[in-house]
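A quick write-up on the structure given underneath.
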Amino acid sequence: MSLNILSIQSWVAYGHVGNASAIFPLQRLGAEVWGVHTVQFSNHTGYGAWRGQVFGADLVRECVAGIADRGVLPGCDAVLSGYLGSAEIGAAVRDAALTVKAANPKALWCCDPVMGDTGPGIFVRPGIPEFLRDQALPAADIATPNQFELEWLTGQAITSLADAKAAIAALQAKGPRCVLLTSLRTEATGADEIELLAAEGGGFWRLRTPMLPLSVNGAGDAIAALFLFHRLKSGAAKSALEAAASSIFGLLRQTLAAGARELQVVAAQAEITAPTRRFSAEAC
């Protein structure tokens with residue numbers, strides 16, 4: 001029986017970020033995805049120029065209400081959320097997740113708190129980071145921040161593995177019981193590697209992959225979707241981390257080989273279901 005996932009994120013016509021990065025990998029793994037878009041842009045904002053619109057919160061609410069009218073929310077296994085165009089849309093997303101969880105108490109909300117990154121800093125509209133910290137994450141079951149976002153959300157600087165574990169524990173204390181730190185660099189991280197750290201139920205698991213010399217948008221959206229899927233399937237953060245990290249590394253490796261600026265989720269789709277290189281996580 002396939003999983004049903006309500007994914008509420010941005011959409012781009014060209015390229016792969018937001019729902020355009022998350023939906024296809026989930027479908028390739030066999031999930032039914034009910035996509036609701038928070039924006040429709042021509043391309044992602046990393047190009048410096050784009051066209052399109054940020055949708056109003058009412059559109060999100062209307063789409064979710066229409067899905068509810070079909071009587072299918074009790075069969076929804078999870079809600080996945082990412083980039084928010086405004087804090088008002090965030091409230092609509094939170095309400096959608098709470099509606100799904102009321103219809104199916106076993107459903108999970110995976111909140112990717114997209115707000116910024118090391119280097120550019122905060123890149124979302126004012127009010128969104130505070131909404132994510134104060135209203136979204138306390139109601140979420142899974143969170144997938146990067147290192148910059150985790151530091152901002154908890155007010156704790158991360159320079160060591162112990163710092164990262166303490167920050168994750170602080171975030172868990174506010175709501176999400178399962179956390180995937182999608183990027184971790186400390187003084188112990190090799191110059192040519194990147195670390196990921198997952199935590200749930202008092203356990204922590206670290207995984208290292210080579211750091212590839214490329215910068216693409218949408219990888220965080222894809223790994224959040226992959227981690228959610230495998231966490232739903234396995235019930236275990238460790239195996240979800242291993243499966244998601246192996247697939248995203250394969251996608252990034254083939255993107256680098258193609259010399260592409262956009263994540264090659266279609267051309268490299270075999271990496272989604274059968275990664276050519278599998279990584280193992282270790283308890284830490």
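The values are calculated or read from the model by the stated rules, or taken from the named source; none is laboratory data. Quick caveat: nothing in here was measured; it's all calculated off a predicted structure. Quick reminder, even Gly has a Cβ in these numbers, built from the backbone with ideal geometry, and neighbours come from all protein chains shown. Just the protein is used for accessible areas: all its heavy atoms, side chains included, with ligands, DNA and RNA removed. Shrake-Rupley method; radii C 1.70, N 1.55, O 1.52, S 1.80 Å.
Given the chain, what percent of its DSSP beta bridges are antiparallel, to the nearest 5?
Percentage antiparallel, nearest 5: 50.
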Contact order normalised by residue count of the chain, Cα under 8 Å, 6+ apart, percent: 16 percent
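How large is the accessible surface per residue of the chain, computed with a 1.4 Å probe and reported in Å² as a whole number?
With all protein chains present, the chain gives 40 Å² per residue.
When only Cα pairs under 8 Å and 6 or more residues apart are kept, what is the percent relative contact order across region 40-183?
19 percent
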Extension gain (nm, one decimal) between ALA260 and TYR47, 0.36 nm per residue minus Cα-Cα: 75.3 nm
Quick one: what does P(r) look like for region 227-272 with 10 Å bins over all Cα pairs, in whole %? 31, 42, 23, 4
How big is the chain along each principal axis, measuring the range of its Cα positions in Å and listing the largest first? 51, 41, 41
Cα extents of region 122-177 along the three principal axes, largest first (Å): 30, 24, 15
Point-to-point label distance, ASN104-GLN156, nm (Cα→Cβ direction, 7 Å offset): 3.3 nm
What Rg and what Dmax come out for region 1-48 when only alpha-carbon atoms are used, in angstroms? 11.4, 42
Furthest towards positive pole of dipole, LEU241, LEU150, ALA13, structure part the chain, Cβ charges: LEU241
Convex hull per residue volume in Å³, alpha carbons only, for region 30-87: 115 Å³
Which length gain, in nm to one decimal place, applies between GLU282 and ASP95 when the Cα-Cα distance is subtracted from 0.36 nm times their residue separation? 63.7 nm
Förster radius 25 Å - calculated FRET efficiency between ASP134 and ASP58, Cβ distance, rounded to 0.05: 0.65
Computed Kirkwood radius, in angstrom, where 1/r is averaged over Cα pairs of region 8-157: 15.8 Å
